[in-house]
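The values are calculated or read from the model by the stated rules, or taken from the named source; none is laboratory data. Given the structure is predicted, the values throughout are model-derived calculations rather than measurements. For neighbour counting, all protein chains shown are included, and Cβ atoms are generated from backbone atoms with ideal geometry for every residue, glycine included.
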Amino acid sequence: MRLQQWTGVTPASASPSDATAARAKTLTLVLCCLAQFMVILDVSIVNVALPSIRADLDFSATGLQWVVNAYTLAFGGFLLLGGRAADLLGRREVFAGGLLLFGFASLLGGIAQSDGQLIAARAAQGLGGAVVAPATLSILTTTFTEGRERNRALGLWGAMGGVGGATGALLGGILTQTLSWRWILLINVPIGIAVALGALAVVPRTKRDGAARRSFDLAGALTVTAGLVVLTYGIVETDVHGWGSGRTLVTLALGLALLATFAFMEGALADQPLVPLRIFRNRTVTAANLVVFCMGAAAFAMWYFLSLYLQQVLGDDPIEAGLSFLPMTATIVVTSQLASRLTGKLGAGAVLAGGMVLIALGMAGLSRVSADGSYWAEVLVPSVITAGGIGFSFVPVTIAATAGVKGSEAGLASGLVNTFRQVGGSIGLALLATIATQKTADALGSHGPAAALTEGFRAAFLVGAGFAAVGAILSATLLWRITSPRRAMAAKRETA
């Protein structure tokens, strides 16, 4: 039944070559899903462990977020280079190489003895993830036929990404409390090696262009990453220097100047640009990436602040905090599968708009948490609503961002959608963490520590809801025109 479902060939009529091809597709999907799960897992798995990491390596309150942002910034900054590498060097080889780099960086992070060493290792992990993530999506979009088959594959891939984000909290809590926070990184080593070997054995070799593969826009990748790091650093430092200080303004201006330089290099100087600007002429691709930026800004901050609220305000231990995310995990699994089916019937724009509305509603509900509240009364329902929105959004936004893109640019489109999500998460987390810290500092004069922390978390959740609301508006106005395959076929028959 599984063979028939994925290939359209019944087992009775399938030739040996058909059966082999079907098995190869299934194994390829499994490997890509495992890799996506691991890469996304490492964005969220550290959240529950943050208090333990801070105590062990003596992080400051504002410096702690760099455990997350070092990963996401390197991830976002080099995703485009990773996507380009997958197109030019071969998807199988890039996929396996990225997994090995990810595993080695995880080993270095697991044995880190200082905050600087851990941040550097997390950045190296992000580089490995930046190679793996677009390779997985590029492999899927070229392995599975556009339409129902590809939508189902992307549905499972998207579900694994969502499950990785939600499961990270539970797995991180179990490992931190029973072993050590270091095992949240060390666990990646055997998994990365196993999946890399599997990819070399299963994923077919792709044809490469010998001349093109020598052209890498490394300068562009370094410039955009530097710009994102400087911009994020400027936002984080507003907690100390204020938004109007000369240091803050210069730092932010430098970050924006680097990003502008990157755009100029891509449009006028690079022989083989990392991001050919022509891709943004595709209105669907541009709109989908704007929406995924807003989704990242809201979702990443939600995992971060909810983990801290459960432990620092409600007093949960790491395992209890991790268990609190189980309903979200289940919700994302279910809604991701529903999203892939609904997208085929209603179109990506409609499903995506509904998902972003749910994220906004859920985050707004979380903004009402209190210092003397409880998980059951104030966290469960809005967190499940938010998770449902993430599940309904991830699949259609990925489909929209890669729809109609030429096969030769599948890696580029895949890199873009992942880049905008990670960059949105990094900048959103930096902005919301700054807002939360400032709000907490203002509240300390009239509130106790727990109540002051809660005031900061409430403000962060509310701003996150605003990001999601903007994403919903963009989806409804710019992506609603994306019709479902069934409606498109009906329209063609009517005009024929």
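So if I check each of L34, L99, L89, which one is aliphatic (A, V, I, L, M), touching a residue at least 60 places away in the same chain (Cβ under 8 Å) and buried (at least 24 other Cβ atoms within 10 Å of the Cβ)?
Within the list L34, L99, L89, the selection yields L99.
Is it fair to say A133 is within 19 Å of D87 (Cα to Cα) and at pLDDT 75 or above?
yes
Against the definition (at pLDDT 75 or above, under 22 Å from the mean Cα position of the chain (by Cα), more than 13 Å from S106 (Cβ to Cβ) and among the hydrophobic types (A, V, I, L, M, F, W, C)), how does L200 come out, yes or no?
Numbers: at pLDDT 75 or above: yes; under 22 Å from the mean Cα position of the chain (by Cα): no; more than 13 Å from S106 (Cβ to Cβ): yes; among the hydrophobic types (A, V, I, L, M, F, W, C): yes.
No.
Across region 46-63, which residue is nearest to G168 (Cα to Cα) among those that are modelled with pLDDT under 80 and in a helix (DSSP H, G or I)?
Among them, the one singled out is N47.
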